[in-house]
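Comments concern the structure below.
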C-alpha cells in the first residue's frame, strides 16, 4: 500500500491489517518520505514497512526509517538538480495524465520524474514474483 499519515498506527488501520493478516495476506506499506520515523500505517503491527534506497544501495535521504522498517527497495534519487534540470535517478513508470478522471497513460522521465517509498513498495512486490 502507498498510504501515509503522521503518528502511531490508528485503530482503523490496525483493524484492517489484522483482518488481512488473518486471511494470510502479507501487507507491505511504504515507510514514508519525510526522513524521520516510519509513518502510519507502515508502523502498524503485522506490516512490512518498505524503505527507499538510492541508486548505490544506501538509504535515500528522504526515506523514513526506524525499528518498524523491514525491507528496502529502489526509490529513486534526484541529485544535482535545479529547476528544469533532469532527475538523474528517477523511477521510470507509467502514470495517468488525468487529475479527476482517467485521461490516458504517459511515462515519467528525467524531467517529469517520480521518486519515493511508494515506488519501493511496488518494486518489492515485483521482486517477490
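Full-extension gain between residue 103 and residue 48, please, as 0.36 nm times their residue separation minus the C-alpha to C-alpha distance.
That pair, residue 103 and residue 48, stretches by 16.5 nm at full extension.
Residue separation times 0.36 nm, minus the C-alpha to C-alpha distance between residue 15 and residue 58: what's the value?
Fully extending the segment from residue 15 to residue 58 adds 12.2 nm.
Suppose R0 equals 22 Å. What FRET efficiency, 1/(1 + (r/R0)^6) with r the Cβ-Cβ distance, do residue 88 and residue 2 give to the nearest 0.05?
So, using R0 = 22 Å, E works out to roughly 0.40.
None of the figures in this text is laboratory data; all of them are computed from the coordinates on show. Computed from a prediction, not measured in an experiment: that's the story for all the values here. Virtual Cβ from ideal backbone geometry, glycine too; neighbours counted across all protein chains shown.
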